[in-house]
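Comments concern the structure below.
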């Protein structure tokens with residue numbers, strides 16, 4: 001984002017004993033889906049993938065989504081001409097996003113090449129005083145170091161990380177990947193890559209490379225993704241929201257998807273789980289119930305989200321999900337004076353640390369040539385921050401830099417709330433911290449799958465990118481249904 005432990009010495013067992021153990025070994029029972037549907041809470045990538053796989057198996061499902069549209073965090077704002085501006089995922093690469101491409105190929109969504117490095121003029125800005133400066137170019141020495149480290153990283157990744165990197169890390173997480181990403185790079189004598197990746201981690205919502213466990217850093221930076229970030233090949237840009245809307249309309253047309261529906265309670269005390277939910281009804285709501293053969297929770301399973309849907313957690317579930325952390329991450333579409341091909345990045349104290357996570361915009365990109373709307377991403381503090389506070393900080397920060405940064409003498413133009421076309425707050429990047437990982441968090445998490453007819457599919461299974469959320473949804477159905 002090793003060395004394996006010594007094998008345990010097992011006593012010799014007779015063939016008869018082995019056969020007896022095999023016959024008596026506990027297995028997770030397959031859900032009985034003949035009468036009631038599988039209830040999926042969340043119509044993001046994981047939930048839609050699970051619904052699609054259940055459809056392929058001939059198993060009934062019903063999906064509940066609190067937002068107006070499907071797609072989870074893959075939302076977008078559209079201007080009067082229908083031009084999209086991503087409020088969630090925007091980029092993908094062929095070698096890593098194989099299941100995403102499978103969804104894409106079932107839609108009519110267009111894609112276009114997008115370079116992740118070297119194609120934009122980049123400027124740093126100080127959100128407290130509005131100071132703007134060109135981003136310092138990589139020195140020839142650092143460039144040479146990175147060029148030498150990339151193939152060594154790829155070799156280590158394939159040798160030591162790939163074998164344990166399957167969904168939900170079912171083979172365990174070696175200790176070397178429970179330390180922070182920066183520490184893992186130090187232990188393996190990388191000096192250039194950790195500098196290069198500081199912003200690649202923080203600006204995309206994944207936090208501080210000095211804190212985030214190496215497990216997730218390496219999960220994110222596959223050799224394919226890494227080489228895109230260093231400019232060896234392009235990624236692709238597309239409307240992920242449109243892709244999921246079209247997929248749901250075409251492939252899940254016979255699966256009920258209740259949007260704008262808030263799940264209020266998941267009662268698992270009886271023979272079958274019962275979901276109580278509300279749907280809009282005039283100025284109020286209608287209360288409804290759905291009996292389920294089982295429930296798939298297709299959202300980041302931290303305590304706040306689970307308590308929001310009113311699930312009756314057991315002690316084991318509570319203690320496990322109490323260790324699931326998320327980041328406060330915001331996205332916005334803004335009418336802004338930033339020219340096409342120019343970008344802002346929030347300034348940081350040194351090359352080894354990311355910009356401060358006070359809730360200010362950490363990256364601003366003008367992605368569409370024939371539009372005056374840019375997209376900004378903000379990273380919030382570890383303590384709770386309201387959406388209103390983050391939006392106010394966005395407006396205050398951008399009012400200091402609403403100009404073409406290439407013109408040092410140009411004054412900043414006024415920027416106010418009407419220039420913010422869309423603003424969203426996300427519970428982003430579900431993950432376990434270093435201590436929880438070292439204490440076997442994924443083993444405990446995996447043991448909960450199927451307990452009380454409940455299953456969990458989200459980016460926690462791998463990493464907060466669309467691809468791993470999709471694979472999580474598929475894996476739950478392939479494994480347990």
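The values are calculated or read from the model by the stated rules, or taken from the named source; none is laboratory data. Just so we're clear, the structure is a prediction, and the values are computed from it rather than from any experiment. For neighbour counting, all protein chains shown are included, and Cβ atoms are generated from backbone atoms with ideal geometry for every residue, glycine included.
For this structure, a couple of remarks:
- Exclusive hit being at pLDDT 95 or above, surrounded by fewer than 23 Cβ atoms within 10 Å (Cβ to Cβ), touching a helix residue (DSSP H, G or I) at 6+ places or on another chain (Cβ under 8 Å) and assigned by TED's automatic domain parsing to the domain that holds residue 211, set 362, 353: 353
- Region 246-268 - residue that is over 25 Å from residue 305 (Cα atoms) and within 22 Å of the chain's Cα centre (by Cα) and, of those, surrounded by the most Cβ atoms within 10 Å (Cβ to Cβ): 247
- In summary, residue 68 fulfils each of the numbered conditions (1) within 22 Å of residue 298 (Cα to Cα); (2) surrounded by fewer than 23 Cβ atoms within 10 Å (Cβ to Cβ); (3) in contact with a helix residue (DSSP H, G or I) (Cβ under 6 Å, 6 or more places away or on another chain) with the single exception of condition (3).
- The set of residues in region 169-182 that are assigned to a helix (DSSP H, G or I) and either farther than 18 Å from residue 222 by Cα or not assigned by TED's automatic domain parsing to the domain that holds residue 207 (or both) contains only 175.
- On inspection, residue 224 does not qualify as within 19 Å of the chain's Cα centre (by Cα), assigned by TED's automatic domain parsing to the domain that holds residue 356 and more than 22 Å from residue 155 (Cα to Cα).
- Residue match in region 324-346 (condition: farther than 28 Å from residue 79 by Cα and part of a loop (DSSP other than H, G, I, E, B)): no
- The sole residue among 127, 161 that is within 18 Å of residue 208 (Cβ to Cβ) and in the same structural domain as residue 222 (by TED's automatic domain parsing) is 127.
- Any hit, region 271-280, residues being part of a strand (DSSP E or B) and over 27 Å from residue 317 (Cβ atoms): yes
- Residue under evaluation residue 305, criteria (1) surrounded by fewer than 16 Cβ atoms within 10 Å (Cβ to Cβ); (2) modelled with pLDDT of 95 or more; (3) out of contact with any strand residue (DSSP E or B) (no Cβ under 6 Å at 6 or more places or on another chain), criterion not met: (1)
- Matching entry among 133, 144 (being touching a strand residue (DSSP E or B) at 6+ places or on another chain (Cβ under 7 Å), over 30 Å from residue 238 (Cα atoms) and surrounded by fewer than 17 Cβ atoms within 10 Å (Cβ to Cβ)): 133
- Cβ pairs under 8 Å, 6+ apart, first in region 104-121 and under 16 Å from residue 234 (Cα atoms), second surrounded by fewer than 16 Cβ atoms within 10 Å (Cβ to Cβ): 115/231; 116/231; 117/231; 118/231; 119/341; 120/341
- Residue count for region 281-299, restricted to those that are in contact with a helix residue (DSSP H, G or I) (Cβ under 8 Å, 6 or more places away or on another chain) and either surrounded by fewer than 18 Cβ atoms within 10 Å (Cβ to Cβ) or not in a loop (DSSP other than H, G, I, E, B) (or both): 4
- Checking each residue in region 88-119 for being over 13 Å from residue 246 (Cβ atoms), part of a loop (DSSP other than H, G, I, E, B) and more than 19 Å from the chain's Cα centre (by Cα) picks out 115, 117, 118, 119.
- For region 383-395, residues that are surrounded by 12 or more Cβ atoms within 10 Å (Cβ to Cβ) and assigned to a loop (DSSP other than H, G, I, E, B) total 2.
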